[in-house]
Amino acid sequence: MAKPDGGKDSLLIGVDIGGTKIQATLATPVGKKLKSQRVSTPREGGPEQVVAAILEAVNEVLKAEKLKPADIQGVGVGVPGVTDFRRGEVIVTPNMPLGRFPLGPFLQRQLGVPVYVENDCNLGTLGECWIGAGAGARSAFGIFVGTGIGGGFVRKRKIWRGARMAAGEVGHIVMQVGGPVCGCGNSGCLEALASRSAIERDIRQAIQAGRESVVREWLEQGTAVLRSKLLRNALEAGDSVVREVMQRAAEYIGYACLTVRHLLDPEVIILGGGVMEACGEFLFPVIQDIVAQDKLPGAGPSRGVVPSVLGDDAVVMGAVALAAQQLGMKPFRQARLVQPIYPTLEVPEFGIVRAGGKTYSSDIYILADGRVRKRKKKLLKKFAGSSHLVTVDEVRHVCQPKPEVLFVGLGHSSQMVLEPGVEEFLASSGITCHQLPTPKLPGAFNACSQKKAAIVHVTC
């Protein structure tokens, strides 16, 4: 097989094997995402069924772009468990039947291209270091809070795997001696105290003890699992039980961040995962406050604790970066050197914006890779209450991939405002923000030579 040239037109696929879905993403070695497809993770069967689902997701991506496996240079795969990177083997996966399965070699035979298998949280951290919240950092530790809690450590752009290929498992540091039994078999692990599963367990126990909660009604209506979005809804409703349990979980995560800082002293700690994505506005201030009260000083500054920028794409983009690294493509260098081609922005009149010569009569986004997308105001009104409010979730979406500068066109009368927490999110992510009346936005945006993104409000 010829060695790929590693140019910006090379193609790679990243795969994230999750507990409920498998995502395959086609991207380039410069961090440009081209296409994604998701399929459901099989709930029954053995490794053959999981592999079939992986191949289905990969083939759907290729089909959508009219490509064949031979058109891509390699594949990276993220697995929620311990892997042997050298052999491409999955050692153990708690929630799916892939233990002791040679996933890499099997997929490589099926696809005919190199396949690299790695722990998903290691890849999530690598992805954030490549084009996300950890971009530019010499060292970063990622903590991903979802159904469980995983972690990864990246130093000098390389994953630190440890002697047993099991480094970074922050979810299994013991935070409470004699605490609840964890899925790993030990007791008192961080995962047993602060994961979504642990949060749900504690909420259910409080309700069974007679505490009043909006969750009781949801459970009586047949809700089987308290997903992260339901937890957010309960927080927004001011539910005392959920707020109490989430406060305690946030404190455990905060002290885990302190442990990571004292043990490894990374330049930045990145918090991601479904629980953080959905409930970060409640959790993050508690965590940051605990870290800020650290009594043990260091000799120099750090970037502290920051939220994930890539969100659900962290693992797949980390998988792409890993594959590119293994193929000699130097993705970190390319992501810095390649400047996207940005559309020229114009605002000819009220209610109209032009980007790259195309006219839009609605709000738009310009992403850091140069793509233009319409801003879905109906969804914003549903979830934020108004299209005049820019939320943290919206900004996180617009900042994928990560820009150096975010421009916000506030409207002709500057009626649009940023939600509390947006500026803090941007500052902690190392992103400069410029807010301007929309008529003044084109001059500033077009003159900027940095990697940039924009939210443009076309009316009042």
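The values are calculated or read from the model by the stated rules, or taken from the named source; none is laboratory data. The shown structure was predicted, so the numbers you read here are calculated from the model rather than taken from an experiment. Glycine also receives a Cβ, built like all others from the backbone with ideal geometry; neighbour counts cover every protein chain displayed.
Please find, within the stretch 32-77, the residue that is nearest to residue 122 (Cα to Cα) out of those that are of a type in the set (D, E, K, R) and touching a Lys or Arg at 6+ places or on another chain (Cβ under 7 Å).
Filtering the stretch 32-77 for residues that are of a type in the set (D, E, K, R) and touching a Lys or Arg at 6+ places or on another chain (Cβ under 7 Å), the one nearest to residue 122 (Cα to Cα) comes out as 38.
Criterion first (on the phi < 0 side of the Ramachandran plot, in a loop (DSSP other than H, G, I, E, B) and in the same structural domain as residue 105 (by the TED database)) does residue 30 satisfy it?
Yes.
Among the residues of the stretch 326-364, write down those that are over 16 Å from residue 446 (Cβ atoms), crowded, with 16+ Cβ neighbours inside 10 Å and at pLDDT 85 or above.
If the condition is that a residue be over 16 Å from residue 446 (Cβ atoms), crowded, with 16+ Cβ neighbours inside 10 Å and at pLDDT 85 or above, then 327, 329, 331, 332, 360, 362, 363 are the ones that fit.
Tell me whether the stretch 390-407 contains one or more residues that are in a loop (DSSP other than H, G, I, E, B), at pLDDT below 95 and touching a Cys at 6+ places or on another chain (Cβ under 8 Å).
no
So residue 86 passes all but one of these: (1) surrounded by fewer than 17 Cβ atoms within 10 Å (Cβ to Cβ); (2) farther than 28 Å from residue 335 by Cα. Which condition number does it fail?
Result: residue 86 passes all but (2).
If I go through the stretch 104-152 residue by residue, how many of them are among the hydrophobic types (A, V, I, L, M, F, W, C), modelled with pLDDT of 95 or more, over 17 Å from residue 29 (Cβ atoms) and buried (at least 24 other Cβ atoms within 10 Å of the Cβ)?
The total comes to 8.
Are there helices (runs of 4 or more DSSP H) fully within the stretch 163-265 with at least 1 residues that are closer than 14 Å to residue 275 by Cβ and touching a residue at least 40 places away in the same chain (Cβ under 8 Å)? List them.
Result: 191-194, 196-208, 228-236, 240-264.
Hey, residue 65 hits all of (1) surrounded by fewer than 18 Cβ atoms within 10 Å (Cβ to Cβ); (2) farther than 24 Å from residue 334 by Cα but one; which does it fall short on?
(2)
From the set of residues in the stretch 408-422 that are part of a loop (DSSP other than H, G, I, E, B) and out of contact with any helix residue (DSSP H, G or I) (no Cβ under 7 Å at 6 or more places or on another chain), which is modelled with the lowest pLDDT?
Selected residue: 420.
If you check residue 413 against the conditions, is it farther than 19 Å from residue 311 by Cα, of a type in the set (S, T, N, Q) and in contact with a Pro (Cβ under 9 Å, 6 or more places away or on another chain)?
Taking the combined requirement at face value, the residue satisfies it.
Is it true that some residue in the stretch 255-274 is out of contact with any Pro (no Cβ under 7 Å at 6 or more places or on another chain), surrounded by fewer than 22 Cβ atoms within 10 Å (Cβ to Cβ) and over 29 Å from residue 137 (Cβ atoms)?
No, the stretch 255-274 contains no residue that is out of contact with any Pro (no Cβ under 7 Å at 6 or more places or on another chain), surrounded by fewer than 22 Cβ atoms within 10 Å (Cβ to Cβ) and over 29 Å from residue 137 (Cβ atoms).
Do the conditions hold for residue 299, that is, is it outside any helix (DSSP H, G or I), at pLDDT below 95 and small (Gly, Ala, Ser)?
When the stated conditions are applied, residue 299 passes them.
Any idea how many residues of the stretch 390-424 are crowded, with 20+ Cβ neighbours inside 10 Å and either touching a His at 6+ places or on another chain (Cβ under 9 Å) or outside the structural domain of residue 353 (by the TED database) (or both)?
Residues in the stretch 390-424 being crowded, with 20+ Cβ neighbours inside 10 Å and either touching a His at 6+ places or on another chain (Cβ under 9 Å) or outside the structural domain of residue 353 (by the TED database) (or both): 8 in total.
Condition first: closer than 15 Å to residue 74 by Cα and of a type in the set (S, T, N, Q). Now tell me which residues in the stretch 26-47 satisfy that.
28
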